[in-house]
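Please treat every number below as a calculation from the coordinates, not as lab data. Keep in mind that this is a model prediction, so the values were computed, not measured. With ideal geometry, Cβ positions are generated from the backbone for all residues, glycine too; neighbour counts draw on all protein chains shown.
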């Protein structure tokens, strides 16, 4: 099942898949329409669609030639858009552009219509060519497809220009990241972190030291962990054994290095094969279960905006606020080393902590944006919101990483070359964070 999901995700982000489907559909449609024209004959065909052989050829030739030109234009626009997005935003967003269903459908419709017109053109015969045959209904369908294809091209231009807005890019990444968080919540809902594994108590630490007699499950290829089929992985653990999955979603594994450690029971070869099959490894990170990949994309865009070549702090501020949306969802999600124990089997899974996600999201921006008071101020305001909502909504994430990051932001500003006025402005925001934190904690305790 994991491999199937991995294959479907790869196909979704391949531009050629949907156009090929449209071409196959055009082949079948041309055969069907020509058969209908032959069965009806000219006598039973409505007069409104009747045309001559020469007119039919001219129409089909014009449609096919024009659509081939439109395909060239459409693909050129997509390549330019991908180049702009990769250079100005982040090369990791290329998958999002290639996986855009709207663009894939537009290319497929134009390409399929051109192929359909060429196939119908082959069937047109005049009297001089040994028997007149003009597929009137097929020609009218070609005209309708040509009009729809032109509308699709215009709509594609509008869609591409709209998708280049930073707000559209950020909103799409946030939506995919929140969906990935929801999928991971659903995936691990059956687990209870307080359950004791078969081999003894395991604390919610970031790492677990396997015993000396533990058996490793070796990675058979290098790449990024894209998906983990938890049910299949758990069922493949031998009875009475404990397995420790030390790699997490989005981490890179090297061939012939341990993926898992198994102890307290022998590890048959078939169980080792099943464990490897439950972990999908690919050459790129994906958004199937990888929450960190969405955070990485937004952080990339913010840091690129802060680079001297771009110098666009407003874009960085925009991404910070969108990252705040993701952080609120992360803070409402239990993360950490999770233990599942059932049927005399135990699975210990390593996962990033709340502090790890927060640092991955905001710490690179803190380092690159220390010289801009607006960026530091936006970071602090995002942390104020996260801190306040953690207390108000009793979220699962801790307060300490938020407060520590706020202190590091102020420290970075103090060491920067900003003038005293700008440093005072950032200090004022930081003081507000402290006062707000103290007030919220006091109100919560009183309640």
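The alpha carbon centroids of the range 121-178 and the range 236-277 are separated by 49 Å.
Using R0 = 51 Å, the C-beta based FRET efficiency linking residue 52 and residue 77 works out to 0.90. Using 0.36 nm per residue and subtracting the Cα-Cα separation, the extra length available between residue 171 and residue 307 on full extension is 46.7 nm. Stretching residue 144 away from residue 419 to a fully extended chain increases their span by 92.5 nm, per 0.36 nm per residue minus the current alpha-carbon distance. In the range 233-249, which residues have a backbone nitrogen under 12 Å from the label point lying 7 Å from residue 343's Cα in the Cα-to-Cβ direction? The answer is 233-240, whose backbone nitrogens lie closer than 12 Å to the label point. Assuming R0 = 45 Å, can you tell me the calculated FRET efficiency for the pair residue 435 and residue 221, based on Cβ-Cβ distance, to the nearest 0.05? In this case the efficiency is close to 0.25.
Comparing Cα centroids, the range 284-335 and the range 390-423 end up 17 angstrom apart.
For the pair residue 256 and residue 137, label points projected 7 Å from Cα toward Cβ lie 6.5 nm apart. Pairs of Cα atoms nearer than 8 Å and 6+ residues apart set the relative contact order; for the range 352-423 it is 42 percent.
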